[in-house]
Amino acid sequence: MKPLKTKVSITLDADVIEQLKKLAEADDRSFSQYINLVLKEFLARKKE
């Protein structure tokens, strides 16, 4: 069973959004999927 997802609303700087959108497109992911991936990687590194 897939984990449940929860909608959130955040405010980001315009330049950050543009960079993330470009990276998401290059990785063939949606903006939301890419942000989720980046945050998971960040949290995994913080655990170390």
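Of the residues making up the stretch 6-28, those that are among the hydrophobic types (A, V, I, L, M, F, W, C) and farther than 15 Å from LEU39 by Cβ are ALA14, ALA26.
Taking the criterion of being open to solvent by less than 100 Å² (accessible area, probe 1.4 Å), acidic (Asp, Glu) and in a helix (DSSP H, G or I), the residues of the stretch 11-48 that qualify are ASP15, GLU18, GLU41.
The values are calculated or read from the model by the stated rules, or taken from the named source; none is laboratory data. All values derive from a computational prediction rather than experimental measurement. Cβ coordinates were reconstructed from backbone atoms using ideal geometry, including for glycine residues, and neighbour counts include every protein chain displayed. Each accessible area value is taken on the protein alone, full model and side chains, heavy atoms only, with ligands, DNA and RNA left out. Shrake-Rupley method; radii C 1.70, N 1.55, O 1.52, S 1.80 Å.
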